[in-house]
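The values are calculated or read from the model by the stated rules, or taken from the named source; none is laboratory data. Model, not experiment: these values are computed from the prediction. Quick reminder, even Gly has a Cβ in these numbers, built from the backbone with ideal geometry, and neighbours come from all protein chains shown.
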Amino acid sequence: MHPLHDDKLKKLEERAAVIREDIIKMLITASSGHSAGSLGLTDIFTAFYFHILNHKPKNPNWSGRDRLILSNGHVCPARYAAMAEAGYFSKTKLATLRKLDSPLQGHPEPHRLAGLETTSGPLGEGTSQAAGLAYAAKIDKAPWRVYCILSDGELQEGQTWEALLFAAKYKLNNCTFIVDRNNIQIEGRTEDVMPLEPLAKKFRAFNFHVEECAGNDIRDFVNAIERAQEITEQPTIIIAYTIPGRGVDFMENKFEWHGKTPVGLEAKLALNELRTLKGKIKSEHE
Amino acid sequence: MPFYLKEKPRLKFAATRDGFGEGLLEAGKKNKKIVALSADLTESTRCLPFKNKFPERFVQLGVSEQSMASIAAGLSLGGKIPFITSYAVFSPGRNWEQIRTCIALQKSNVKIIGSHAGLNVGADGASHQGLEDIALTRVLPGMTVLVPCDAIEAKKATLAAAKIVGPVYLRLSREASPIFTKPNTSFKVGIAEIFRPGKDATIIAAGPIVYEALKAAENLSKKNKLNIRVINCHTIKPLDTKTIIAAAKQTGAVVTAEEHMVAGGLGSAVAELLAENYPVPMEFIGVKDTFGESGQPQELMEKYGLTAKYIERAVLRVIKRKK
C-alpha cells in the first residue's frame, strides 16, 4: 500500500462526495433500500477501492486480487457506487438498482455482478465466509489479503462469534475484519435493542488484535488498516466508529433512516446538503 | 439380530456412513483440493481416516454447524472442494439458511454430508433422527440430492459428489444395513436403477430401505404371483423423470419407500412428477407426520411401518386401486 499523501487524501474525499451523491440518486430512483449505513460506509469503501485494495476493475476476477467481503449486504448501494466510480461498470447502471434484470440486486449477488465475491444480506454469514476464504489462502500461501466489512447489529448473530473463534484458532492474520460501529439497527440504537459493549474487550477476549478508528476519517481508517497488516500472530478487527447517514444532516445518527430512502422534498434536501458538505466539496451555486 | 440375517447368513452389513468414509479418503487421494470440515463429530461421520491421512486438509470447527456451512463457502471461493460433515438434523437442519444463502444461492462447490439420517439412529431418540433433510435440500435450486442404498453405493456417491461442480447433499445412515449392490453395479447421478423388473406395480425407494423393497417384491412374487418392479432412486434431485414416468406407464401403480417424512421427500418428488405427467394410483411408505423416539433400529422400523411387510401391504392396496 502506498503512503497516503495530503493531495491523495483530498482526492479521496472528493471521490467520497461524488459517491455519496450517486448513492442518494440511486436510492431515490430505486425508492427502497438502506440510506444510513450506505452513507456511513462511503468513506471506508472509497478508501478500499481507491487506496487499499490491490485490484483490477477491468478484470474483476483477477486471481491475485485482494478480496473484499461485505457481510452486511444491505449497504451495497455504497459498494455499487464506489465500484462504478472505480470503473468496474458504467455509471448508467446505477439507475437500475433493485430493478428487474439488474446486476445491482437489492442485496449483493456475485453471479450477477463480477467483483462482489459473496452473496450477502442475511446477517452473520460474511464473517464466516471471509474466514473460510482466508483459511484457503493460508493453505495455498496466497499473497492476497481478505478484508471483511460487517455491521455492529449483526454481532447479535451467534454465527459471527462462531466465526471469530475459528479465525482466532487458525490465526488468520491475512484477514482484517472491519466492524461498522454506527450504533444503530432497524429498531433503534444497538445499546437499547441488544447491548454490545464493551465491544473491544469482547474481541480481545476472543484473542483478536483490536484497532479503533474514526470510520469517516479516511486517513485514520487507512492508518488502522496499515497497523493491522503488521500483526502476524492474530487476526485483527478494526472497530470503525461511523456516523450513519453521514453527509446528510437530517439523516445523521437517526436509526429511522436505516432502511428507508428520501422522497420528494427530502430527496432534494439530501442532494443539496451533499453538495455543500462542510462547504469544502462543492458550493451551493455550482 | 435382524431376522433376515437368518435367511441370508452370508449377507454382509455396513453403514452407508462407512462407505462415505472410504469414498472421502479415496477422493482426497485423487484431488488435493478436497478438504473435510468437522463439527466435533469426526469419528461418527467417518472422517477419521481422511483426517489421519491429510491432517493439513482437515478442519476442526468445534460445535458450530452454522458457521461451518459459510466457512465452507469461503473455502470454495478460495478454490477448495469442502465436504462439511455432521448429523442431518444439524446440517442441513440447523444451518439450512446458511446453506441456502452461502452455498445454494452463491452456487458454491460445497458437499453437505448429513449422517445419522432416519429413524435408524435408534436410541438417541427423536431429537437426533433426521427425517426432514431430503425436503430441506431438494427445495433448493441447483442442489443435487443423493441417498445411497448401501455402503458400496455410498462410496460411489461420495466419489461422484466430489466430481460435480456445485452443491451436493449426501444422506447417510448410522446403522449397519445389508450390502446388496456390487462394486460394478451401475451408479450414475440422475439415473435411477431398475433393480428388479416387473409389470404389476413399481416400488420406488431410496436409501437402505431399498433392500426392504426388494424383499417385499420377492415375497409378493412367491405369495401373490405378482411381478413388482423395484427402482433404486438414489438421486432425488435431479430426478430421473424418464425411468419413473416409464414405470408409471408400464406398471400403472407406484409405491414409494423412504426413511424420511412422507411430506417433502422422495414420495413427494415422485408424486409431483407423476401428477403432472402420468397420474397413477400411489401409496407412500415413510414417516407420517410424526417424530420418532428411542428404541432399537429394527423396533423403530417395525413401529413406524418401514419394513418389507408394510411395503407389501401398500403394493396390494395400490394394485386394488388400478383402473
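So the values come out like this:
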| quantity | calculated |
| --- | --- |
| Residues of the range B:124-134 satisfying the condition of being surrounded by fewer than 20 Cβ atoms within 10 Å (Cβ to Cβ) and not in a loop (DSSP other than H, G, I, E, B) | B:D124, B:A126, B:S127, B:H128 |
| Conditions (1) within 12 Å of chain B (Cβ to nearest Cβ); (2) surrounded by fewer than 18 Cβ atoms within 10 Å (Cβ to Cβ); (3) under 14 Å from A:Q234 (Cα atoms); number of the one not met by A:A167 | (2) |
| Residues of the range A:79-104 satisfying the condition of being assigned to a loop (DSSP other than H, G, I, E, B) and either of a type in the set (A, V, I, L, M) or in contact with an Asp or Glu (Cβ under 6 Å, 6 or more places away or on another chain) (or both) | A:L97, A:L100, A:L104 |
| The one condition in (1) within 15 Å of A:L94 (Cβ to Cβ); (2) modelled with pLDDT of 95 or more; (3) more than 13 Å from the chain's Cα centre (by Cα); (4) among the polar types (S, T, N, Q) that A:S63 fails to fulfil | (1) |
| Residue within the range B:134-142 that is out of contact with any Pro (no Cβ under 8 Å at 6 or more places or on another chain) and over 15 Å from B:P167 (Cα atoms) present | yes |
| Qualifying residue in the range B:141-157 (condition: surrounded by fewer than 24 Cβ atoms within 10 Å (Cβ to Cβ), within 14 Å of chain A (Cβ to nearest Cβ) and at pLDDT 95 or above) | yes |
| So B:K111, is it more than 30 Å from B:E293 (Cβ to Cβ), buried (at least 24 other Cβ atoms within 10 Å of the Cβ) and of a type in the set (K, R) | yes |
| Check on B:L25, at pLDDT 95 or above and either touching a Phe, Trp or Tyr at 6+ places or on another chain (Cβ under 8 Å) or under 30 Å from A:L113 (Cα atoms) (or both) | yes |
| Matching residues in the range A:91-113 - criterion: being touching a residue at least 40 places away in the same chain (Cβ under 8 Å) and over 17 Å from the mean Cα position of the chain (by Cα) | A:K91, A:L94, A:A95, A:L97, A:R98, A:K99 |
| Residues that are among the acidic types (D, E) and buried (at least 23 other Cβ atoms within 10 Å of the Cβ), drawn from the range B:190-231 | B:E212 |
| Residue satisfying condition, being over 17 Å from the mean Cα position of the chain (by Cα) and of a type in the set (S, T, N, Q), within set B:T235, B:T202, B:T181, B:T256 | B:T202 |
| Unmet criterion (only one of (1) buried (at least 24 other Cβ atoms within 10 Å of the Cβ); (2) small (G, A, S); (3) within 14 Å of chain B (Cβ to nearest Cβ)) for A:A81 | (3) |
| Any hit, the range A:195-204, residues being within 14 Å of chain B (Cβ to nearest Cβ) and within 21 Å of the chain's Cα centre (by Cα) | no |
| Test result for B:A263, outside the structural domain of B:A117 (by TED's automatic domain parsing), hydrophobic (A, V, I, L, M, F, W, C), in contact with a strand residue (DSSP E or B) (Cβ under 9 Å, 6 or more places away or on another chain) and surrounded by fewer than 19 Cβ atoms within 10 Å (Cβ to Cβ) | yes |
| Hits in the range A:107-130 - residues which are farther than 12 Å from A:L70 by Cβ and at the interface with another protein chain (Cβ under 10 Å from one of its Cβ atoms) | A:H111, A:P122, A:G124, A:S128 |
| Elements of type strands (runs of 3 or more DSSP E) contained in the range A:164-245, each with 2 or more residues being in contact (Cβ under 8 Å) with a residue 40 or more places away in the chain | A:175-181, A:236-241 |
| Any hit, the range A:84-96, residues being touching a Ser or Thr at 6+ places or on another chain (Cβ under 9 Å) and surrounded by 23 or more Cβ atoms within 10 Å (Cβ to Cβ) | no |
| Search result, residues across the range B:162-178 that are in a loop (DSSP other than H, G, I, E, B) and crowded, with 20+ Cβ neighbours inside 10 Å | B:P167, B:L172, B:S173, B:R174, B:E175 |
| Filter result for the condition that a residue is crowded, with 24+ Cβ neighbours inside 10 Å and within 7 Å of chain B (Cβ to nearest Cβ), over A:L104, A:L133, A:L150 | A:L133 |
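Here's the yes/no breakdown for (1) within 20 Å of the chain's Cα centre (by Cα); (2) hydroxyl-bearing (S, T, Y):
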position: A:F166; (1), (2): no, no
position: A:Y170; (1), (2): no, yes
position: A:E187; (1), (2): no, no
position: A:D192; (1), (2): no, no
position: A:E211; (1), (2): yes, no
position: A:F221; (1), (2): yes, no
